[in-house]
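Here the structure comes first, spelled out in structure tokens, and everything after it is commentary.
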Amino acid sequence: MSLKPSPRAISLYYFGIFAVLGVYLPLFPSWLEGRGVRGLAMGAIAATLPAMGLVAPPVFGFIADSLGVRVWLIRAACAGALVAFALLALSSALGVSLGFGGLFVAALAFAFFRAPMFTMADVVAIETSLSSGIAYGRLRLWGSISFALMAIVSGALVDPARPAAFPVTIAAALLAAFAISWTLPARAEAPLRRLGHRAGAEGDAGAPRSPAAGGSVRERARALLQSRDFRLFLAASFLAQSANSSYDLCYTLHLRDVGFPESLVGVAWAVGVAGEIALMAFSGPLLKRFAPPAVLAFAFAGASLRWALLSNVRWWPALLAIQPLHAVSFAMMWVASLAYTRDRAPPEILATAQGLFSASAGAGSVIGMLTWGELYKRGGGTLTFGIASITALVAFVLAVTFARSARRSLSGSSIFSVSSQGQE
């Protein structure tokens, strides 16, 4: 019997997997420092997360399309990530020093399985949004809420100086996510194929998409890449995400070094996520009123301001007050980028266009992770976030340029707003 995942099930799964990141992102750099990993070595380990974001989704996507499965791959990814951190937790509890090589392999394995845990969830969530009428963003919000809660709790209760505390907490969160994944029913038919049938059957979705119509997928993708505005968009995405990765890697270290109360580090992360939640909830009206390129330009300008302030501010209440800018530098950038990609690309190559955007942003994260750790080692947060601010400013200039070069007026995608036919 074919079962559809309920909105509650996918929201619960988002809650589970983002709980993992709520512990991982704020505490991982400090935990690595406690193991003697600093500078370029820390950057190399941290870069495994965005690097596998380039590799793992295509691999799992090919398997998913070949076998016609999604949920089983979600479960397999959760299990693989759990095994990786369970082994790391066991070695830490036993006092076995893994060194750089062992830590790099463990982080690489986790990053490989972590990527499809999230990308496959988005596929299921979009399908659930179409069938239930509940906006994708409202399903995804529960992940942000979970991240904020876990950042607060783990910041107060998990001491990264204790070798086993961090990996044991991550392993427990992954075990919970794996258990929750079984609330998502596995179905025999490929979700993407069902979405294609829905698009062809529903009158408001237009005609069925055919790669052959108007040229092959390769020809359409080549034409898209030859357009000046899309190339500038990819370049701006690369630079902006590179600047954002300074936050993921160095923010906790910077707070510690400027005397920010250690017990409030998790709160600082949570305040940023609260802004993210608010913007995602109201991104639909924003993207209906303003074209995505204009929203992107504003987001990149806000990011440049945020990193400049982080580079210069030392008073901890002011640092906390800066955190709502996360809504602009991350959430606004994310929703506007996806809306621009969906609207700019021909329907027949939408997945290709989104893949190009993901690859560009992921490459920016990798380069950033390899750069910021060494810069922080040399000049602390002043140098690191100062250069990040300049990088985001260049992205803003590119965004203004491609906004003027856009060939047609763009509007936000329907997945970012509540369907007129759906009910809460």
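Data table
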read-out: Test: Ser144 is open to solvent by less than 10 Å² (accessible area, probe 1.4 Å), at pLDDT below 90 and either over 24 Å from the mean Cα position of the chain (by Cα) or under 30 Å from Val271 (Cα atoms) (or both); value: yes
read-out: Top-ranked residue in the range 182-193 [being assigned to a helix (DSSP H, G or I) and either on the phi > 0 side of the Ramachandran plot or open to solvent by 30 Å² or more (accessible area, probe 1.4 Å) (or both); ranked as modelled with the lowest pLDDT]; value: Leu192
read-out: Unmet criterion (only one of (1) at pLDDT 85 or above; (2) open to solvent by less than 10 Å² (accessible area, probe 1.4 Å); (3) of a type outside the set (Ser, Thr, Tyr); (4) touching a Phe, Trp or Tyr at 6+ places or on another chain (Cβ under 7 Å)) for Gly43; value: (1)
read-out: Residue match in the range 328-335 (condition: open to solvent by less than 10 Å² (accessible area, probe 1.4 Å), within 16 Å of the chain's Cα centre (by Cα) and farther than 26 Å from Leu370 by Cβ); value: yes
read-out: Residues of the range 314-338 that turn out to be without any contact (Cβ under 8 Å) to a residue 24 or more places away in the chain and closer than 20 Å to Leu249 by Cβ, as a count; value: 2
read-out: Scan of the range 52-78 for residues that are at pLDDT 80 or above and either under 17 Å from the mean Cα position of the chain (by Cα) or open to solvent by less than 30 Å² (accessible area, probe 1.4 Å) (or both), ordered by number; value: Met52, Val71, Leu73, Ile74, Arg75, Ala77, Cys78
read-out: First in the range 364-376 and within 13 Å of Ser237 (Cβ to Cβ), second anywhere and outside any helix (DSSP H, G or I), Cβ under 9 Å, 6 or more apart; value: Ser365/Ala47; Ile367/Ala47; Gly368/Ala47
read-out: Residue match in the range 274-295 (condition: part of a helix (DSSP H, G or I), at pLDDT 80 or above and in contact with a His (Cβ under 7 Å, 6 or more places away or on another chain)); value: yes
read-out: Residue that is in contact with a helix residue (DSSP H, G or I) (Cβ under 9 Å, 6 or more places away or on another chain) and open to solvent by 10 Å² or more (accessible area, probe 1.4 Å), where the choices are Ala236, Ala303, Ala278; value: Ala278
read-out: Single residue of the range 384-410 satisfying the filter (in a loop (DSSP other than H, G, I, E, B) and open to solvent by less than 60 Å² (accessible area, probe 1.4 Å)) that is modelled with the lowest pLDDT; value: Leu410
read-out: Extreme residue, surrounded by the most Cβ atoms within 10 Å (Cβ to Cβ), among residues of the range 171-181 that are closer than 15 Å to Tyr14 by Cβ and of a type outside the set (Gly, Ala, Ser); value: Leu174
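The values are calculated or read from the model by the stated rules, or taken from the named source; none is laboratory data. Since the model is a prediction, treat every value here as computed from it, not as a measurement. We place every Cβ from the backbone using ideal geometry, glycine too, and count neighbours over all the protein chains shown. SASA here: full protein model, heavy atoms, side chains in, ligands and nucleic acids out. Shrake-Rupley method; radii C 1.70, N 1.55, O 1.52, S 1.80 Å.
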